[in-house]
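The values are calculated or read from the model by the stated rules, or taken from the named source; none is laboratory data. Predicted model, so just to flag it, every value in this text is computed and none were measured. Every residue, glycine among them, receives a Cβ derived from its backbone with ideal geometry; neighbour counts consider all protein chains shown.
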């Protein structure tokens, strides 16, 4: 009988019977979940640190905009007979100053945001007068895109020479995007009043 007890007793260092591996895996599940969530948290923190602290977007300067304009001029078609498209004076609201986002039902205490607007008229120059009709065809879409662009600008951005220069380039880019050809060569402001 002693011999049978010895035969059925497991040896030291022997593997347990089947089913022990699944129990061991399930027993380590909280540890694995904790490690995965820690890894995800560290990855998120690393991305935020890179995006906010390490990566620095190059500043937009007049020099860089002039270089971009020169590249655009090299890509353009030759100017045969320049044409001009006049845009009458219109008012556009620009981004209000001091406008803080708030939750529904929350009242503003104290000051109200300073509402600003821009009165602007301009002329688009196209490289060839025969191409002017293409701009006329997309004029409503162009005005909508321009009003949206102006609504994102602040008074401080538009009140500087650099800000107006950037706006001039954005207007040219928007017009050329809509007609899908680089036909607009310049913008001339005939009226530009900030309030």
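Computed quantities for the displayed model
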| read-out | value |
| --- | --- |
| Residue 43 vs. criteria modelled with pLDDT of 65 or more, touching a helix residue (DSSP H, G or I) at 6+ places or on another chain (Cβ under 6 Å) and surrounded by 10 or more Cβ atoms within 10 Å (Cβ to Cβ) | no |
| Qualifying positions in segment 176-193 - in contact (Cβ under 8 Å) with a residue 40 or more places away in the chain and out of contact with any helix residue (DSSP H, G or I) (no Cβ under 6 Å at 6 or more places or on another chain) | 181, 185, 186, 188, 189, 190, 191, 192, 193 |
| Residue match in segment 63-74 (condition: in a loop (DSSP other than H, G, I, E, B) and either assigned by TED's automatic domain parsing to the domain that holds residue 177 or modelled with pLDDT under 70 (or both)) | no |
| Residue list for segment 145-158, filter: surrounded by 15 or more Cβ atoms within 10 Å (Cβ to Cβ) and farther than 23 Å from residue 183 by Cα | 153, 155, 157, 158 |
| All positions within segment 122-138 that are closer than 17 Å to residue 170 by Cα and either surrounded by fewer than 14 Cβ atoms within 10 Å (Cβ to Cβ) or over 30 Å from the mean Cα position of the chain (by Cα) (or both) | 123 |
| Residue within segment 86-104 that is surrounded by fewer than 10 Cβ atoms within 10 Å (Cβ to Cβ), at pLDDT 75 or above and in the same structural domain as residue 135 (by TED's automatic domain parsing) present | yes |
| Set 162, 141: member being farther than 14 Å from residue 93 by Cα and modelled with pLDDT of 90 or more | 141 |
